[in-house]
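J.: Right, I'll just put the structure down here and ask away after.
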Amino acid sequence: MIADPRVLDDTFVPPDPLYRENETEQLLRRFTTAHPRESDVLISGPSGVGKTLLARTEVNHLKTQTSVTRVFVDSLGKTTGGVLRAVLEALPHGPDSVAQTLPANDICRELREAITGKTIVVLDEGDDLPETNAVGELLAMAT
């Protein structure tokens with residue numbers, strides 16, 4: 001039985017996950033490191049174990065303590081360009097919409113211009129990401 005219908009809303013973030021203190025500590029440590037390459041994180045596991053909840057909770061927690069920009073993208077079924085467009089559109093200084101015909105190189109240029117400070121990008125549902133170059137393109141911007 002579902003006692004709280006908010007759990008069906010993708011934007012709802014419940015209180016801190018129980019029994020995830022170790023994972024929480026590890027994520028916060030990685031998110032606050034000064035070296036961009038050391039802050040990359042991959043959360044994996046079976047469906048329904050709380051990967052998205054953990055990422056959302058900790059990134060939102062970090063937002064209340066720092067001026068980090070956070071971007072959440074559902075990347076399931078998206079191409080490289082689709083992921084990059086979604087990240088660009090979600091940035092506070094990015095456009096509201098990006099033309100589907102805009103080449104990935106131009107999207108990357110616009111992404112670099114739109115990122116104005118420390119930014120955390122969460123690519124949720126990344127099952128298809130190995131077939132794209134989206135992660136590589138985003139990592140190239142971190143250097």
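The values are calculated or read from the model by the stated rules, or taken from the named source; none is laboratory data. All of these numbers come straight from a predicted model, not from anything done at the bench. Every residue, glycine among them, receives a Cβ derived from its backbone with ideal geometry; neighbour counts consider all protein chains shown. The area values use the complete protein model at the heavy-atom level, side chains included, leaving out ligands, DNA and RNA. Shrake-Rupley method; radii C 1.70, N 1.55, O 1.52, S 1.80 Å.
J.: Can you work out which of the residues in segment 52-75 that are more than 14 Å from residue 27 (Cβ to Cβ) and assigned to a strand (DSSP E or B) is farthest from the chain's Cα centre (by Cα)?
T.: 69
J.: With respect to residue 97, is the statement that it is farther than 15 Å from residue 135 by Cα, in contact with a Gly (Cβ under 7 Å, 6 or more places away or on another chain), in a loop (DSSP other than H, G, I, E, B) and open to solvent by 80 Å² or more (accessible area, probe 1.4 Å) true?
T.: no
J.: Moving on. Looking at (1) modelled with pLDDT under 75; (2) assigned to a helix (DSSP H, G or I), find the lone condition where residue 29 falls short.
T.: Looking at each condition in turn, residue 29 falls short on (1).
J.: With respect to residue 114, is the statement that it is at pLDDT 90 or above, among the small types (Gly, Ala, Ser) and in contact with a Ser or Thr (Cβ under 9 Å, 6 or more places away or on another chain) true? Walk me through how you get there before you give the answer.
T.: On the way: at pLDDT 90 or above: yes; among the small types (Gly, Ala, Ser): yes; in contact with a Ser or Thr (Cβ under 9 Å, 6 or more places away or on another chain): no.
In short, no.
J.: Under the condition of being open to solvent by 60 Å² or more (accessible area, probe 1.4 Å) and charged (D, E, K, R), which residue from segment 57-75 is modelled with the highest pLDDT?
T.: 74
J.: Next question, about the same structure. With respect to residue 8, determine if the residue is modelled with pLDDT under 70 and open to solvent by 100 Å² or more (accessible area, probe 1.4 Å).
T.: Here the answer is no, as residue 8 does not meet what is asked.
J.: Is it fair to say residue 136 is loosely packed, with under 12 Cβ neighbours inside 10 Å, modelled with pLDDT of 85 or more, assigned to a helix (DSSP H, G or I) and not polar (S, T, N, Q)?
T.: Yes: the conditions hold for residue 136.
J.: State which residue is surrounded by the fewest Cβ atoms within 10 Å (Cβ to Cβ) when the search covers only segment 76-91 and only residues that are in contact with a Leu (Cβ under 8 Å, 6 or more places away or on another chain) and closer than 23 Å to residue 28 by Cβ.
T.: 91
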